[in-house]
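Data first, discussion second: the structure below is written as structure tokens.
The values are calculated or read from the model by the stated rules, or taken from the named source; none is laboratory data. It should be emphasised that the depicted structure is a prediction, and the values quoted were computed from it without experimental measurement. Neighbour counts run over all protein chains shown; Cβ positions are idealised from the backbone, glycine included. For the accessible areas, the whole protein counts, side chains as well, though only heavy atoms, and no ligand, DNA or RNA atoms are used. Shrake-Rupley method; radii C 1.70, N 1.55, O 1.52, S 1.80 Å.
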Amino acid sequence: MLTVGSVGYLGSAPALAVFGLASVFLYVLPALVFLLPVSLVAAELASGWPGGVYNWVEAGVSPPMGLLAVWCEFAQTIFYYPALLAYVAGTLAYVIDPALAGNGVYNAVVIIVLFWGGVLVSSRGTTLVAELSSSGTLIGTLIPGAILVGLGVTYLAQGNHSAAPMTTSHLLPAWTGLGSIVLIVNSFFTYAGVEVNAVHVDELRNPGRDYPKSIFLATALVLAVFIFPTLAISWVIPAHQISFTAGVMQAFDSLLAHFHIGFAVPLVAVALALGALAGLLSWLDGPSEGLLRIGREQGFLPPYFQRVNGKGIEVRILATQGTVITLIALLYAFIPSVSHAYLIMYVLMFIAAMRLRRAQPDHPRGYRAPALGLLCVLGALSSVAALVIGFIPPAQFGQSNPLIYAALIFAGILAIGIAPPLLLDRLRKPEWKATGGGPAPQS
């Protein structure tokens, strides 16, 4: 449920709902060439090298590359949180006034308040986070998703026409050259984060058995959460009217009004917001804990950032991250492509998996991925392709100079994704490394 919450929230559905039936292709292809390799390879790595992406890359490549990998995972969330919380803001607007969904000040306030609220909840410990995240995913993602699909199917069964064509000729998106490639590759980001909770694998009763089982079940649920609600939105809302932040509520609003139960709109909005916030809690806990662990064990972080509260939560790391997110709350729509640095982590993960299988074939693993070499090559090529595509200006940037755009994205990836871990590695001091394997010092 933590994994479903971190990947499968309904807020990503409107962006692909504009493609109608072709959205199925845009979900399934990336699932085969990216989600499947990531899930299977992460399952093997987590069952043999507990502790998350740093331990995997450190064992398979090197400690500095392990730091780069876990930093890219951590830094990506700076851009993920504002986009996620903008969806929450647009959803909650239907409780107050739907017109607020397009209000920049309202969205910025909601992003800042909810993020810091999430930090406060996370500071109470991982047990509370796991309970709230799992409950929120069920109440705010799986149940509303099933209701939306049920309402949509009933709507069509009554003889109403779908707003999007549902014929076989629309199974594939219209080919527009490079734009189509950008669209398909960018769909990979829908599944980014399926491995984020592997940092907790050593807390399971039987990691080798339980983690792969949970990943496979989560993958199936994520595909269901994405595909069917996306189609339901396309059935009732014309493509040109779908809002990327409030599209789910547009569909609910239309369907509930059609069935004369419009009074339930605020309840649905609150439930959907809870589902998205469950994803926020999942992401808050995993990457920051991974960064804390390697910061202490390898001495990559100054002592100030190694301190935790009474519940063992890395509140200083979270607070620093929150400060940055607060500053970019009004700007996130202009810089999301910098998060492509996250793909560097996946490339390193696949390289580490191949090297570990070859160098340590007898190392105990609770799970061995089939055709590991093929999975790693497929996943690495997909990640590199998505990274390269990130340098191409999207359609909404109009007549932007491609070279200037690519230079800005490269500068952003360098400044946010690559330079910080390299500086931490270069500037670390021997006294930063924790000794004795004891708990982190408390604030």
Considering only residues that are touching a Phe, Trp or Tyr at 6+ places or on another chain (Cβ under 9 Å), open to solvent by 10 Å² or more (accessible area, probe 1.4 Å), assigned to a loop (DSSP other than H, G, I, E, B) and closer than 29 Å to A246 by Cα, which ones fall in the range 1-55? Y9, V18, F19
Checking the condition in contact with an Asp or Glu (Cβ under 8 Å, 6 or more places away or on another chain), in contact (Cβ under 8 Å) with a residue 12 or more places away in the chain, within 25 Å of S134 (Cβ to Cβ) and among the polar types (S, T, N, Q), which residue from S47, S12, S39 passes? S39
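Output yes when any residue across the range 122-133 is buried (at least 22 other Cβ atoms within 10 Å of the Cβ), touching a Ser or Thr at 6+ places or on another chain (Cβ under 6 Å) and of a type outside the set (G, A, S), and no when none is. Full working, then the answer.
First, pick out the residues of the range 122-133 that are buried (at least 22 other Cβ atoms within 10 Å of the Cβ): 122, 129, 133.
Right, trim to touching a Ser or Thr at 6+ places or on another chain (Cβ under 6 Å) and you get 129, 133.
Subset that is of a type outside the set (G, A, S): 129.
Within the range 122-133, one or more residues are buried (at least 22 other Cβ atoms within 10 Å of the Cβ), touching a Ser or Thr at 6+ places or on another chain (Cβ under 6 Å) and of a type outside the set (G, A, S).
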Positions within the range 87-106 being at pLDDT 80 or above and either crowded, with 24+ Cβ neighbours inside 10 Å or touching a helix residue (DSSP H, G or I) at 6+ places or on another chain (Cβ under 7 Å) (or both), in sequence order: Y87, V88, A89, G90, T91, L92, A93, Y94, V95, L100, Y106
Say whether the condition of being at pLDDT 90 or above and surrounded by fewer than 22 Cβ atoms within 10 Å (Cβ to Cβ) is met by at least one residue in the range 65-86. yes
Looking only at the range 226-260, which residues are under 14 Å from Y27 (Cβ atoms) and open to solvent by 10 Å² or more (accessible area, probe 1.4 Å)? I227, F228, L231
Might you let me know whether the range 268-286 holds any residue that is closer than 15 Å to P98 by Cα, open to solvent by 10 Å² or more (accessible area, probe 1.4 Å) and without any contact (Cβ under 8 Å) to a residue 40 or more places away in the chain? no
Only one of L142, L178, L183, L171 is out of contact with any helix residue (DSSP H, G or I) (no Cβ under 6 Å at 6 or more places or on another chain), under 30 Å from L381 (Cβ atoms) and either at pLDDT 85 or above or of a type in the set (S, T, Y) (or both). Can you tell me which? L171
Kindly indicate whether any position in the range 56-68 is within 15 Å of the chain's Cα centre (by Cα), in a helix (DSSP H, G or I) and either in contact (Cβ under 8 Å) with a residue 12 or more places away in the chain or farther than 28 Å from A415 by Cβ (or both). no
Result of the Cβ filter at 6 Å on the range 140-156, keeping first residues that are within 19 Å of Y9 (Cα to Cα) and partners that are open to solvent by 40 Å² or more (accessible area, probe 1.4 Å) and in a helix (DSSP H, G or I), at least 6 apart or interchain, is G140/L274; V149/F228
